[in-house]
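The values are calculated or read from the model by the stated rules, or taken from the named source; none is laboratory data. Keep in mind that what you see is a predicted model, and the values were worked out from it rather than measured. Backbone-built Cβ (ideal geometry, glycine too); neighbour counts: all protein chains shown.
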Amino acid sequence: MMKYKKTIILTSIIVVLPMIAGLILWKQLPDTMAVHFGTDNSPNGWSSKPFAVIGLPVLMLAVHLICVGITLNDPKRKNISEKMKGLIFWIVPVVSLICNISIYMAALGKKINIGMITGCAVGFVFVLVGNYMPKLKQNYTVGIKLPWTLSSEENWNKTHRLAGWLWILAGTALMAAGILDVGNAVIVIILAIMLIPAAYSFILYKKGI
């Protein structure tokens, strides 16, 4: 844990940076702010200004520290590459910046395409994760953690090779869906990358792999 102390501190500061921006913009922001948007970019979830400015960054900070803590305390953490650890360190900070800045811009009356921003951001993360997934070794934190993958190294490797390609394709599709404003495709894509690798791993298990 101490080895990554500076990285944890830096990424944690970045996670809560939107809070500082929100406090600076406090008087310009409305008392009630939209924090969730539908596929048509219309707001469908609201919160108070204190929660949007302070609560959300604090919540994201908690998620960030939990993810980092679980990863660095994995009994098989040596099997998690430094690149994958770096990705885990930076996902929440980047998401925090994108989400909170988008919320502030919407609150200030700026026209932004939330669907395109989130689709491209999430899609890009999927592509990155998919690129590293085939190189993942067995661990309890990152990857497709099923009884069959954890009990068989061959099952793990084959499942993650397939999943890697699926995540890259899914990420590309999500970015395209965001740009083309095809919101309904997101659910189908996410279900596919969850269910297909799991089914494939089970088939391998039944074959004795």
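Points worth noting:
- Qualifying residue in segment 23-38 (condition: among the charged types (D, E, K, R) and surrounded by 14 or more Cβ atoms within 10 Å (Cβ to Cβ)): no
- Scope segment 47-67; condition surrounded by fewer than 16 Cβ atoms within 10 Å (Cβ to Cβ), touching a residue at least 24 places away in the same chain (Cβ under 8 Å) and within 20 Å of LYS6 (Cβ to Cβ); matching residues: LEU65
- The sole residue among ILE101, ILE66, ILE114, ILE80 that is within 25 Å of GLY164 (Cα to Cα) and either modelled with pLDDT under 90 or touching a Pro at 6+ places or on another chain (Cβ under 8 Å) (or both) is ILE80.
- Selection of segment 68-84 for residues being in contact with a Leu (Cβ under 8 Å, 6 or more places away or on another chain), in contact (Cβ under 8 Å) with a residue 60 or more places away in the chain and surrounded by 18 or more Cβ atoms within 10 Å (Cβ to Cβ) yields only ILE80.
- Listed conditions (1) modelled with pLDDT under 90; (2) within 19 Å of ASN139 (Cα to Cα) are all met by ASN44, apart from (2).
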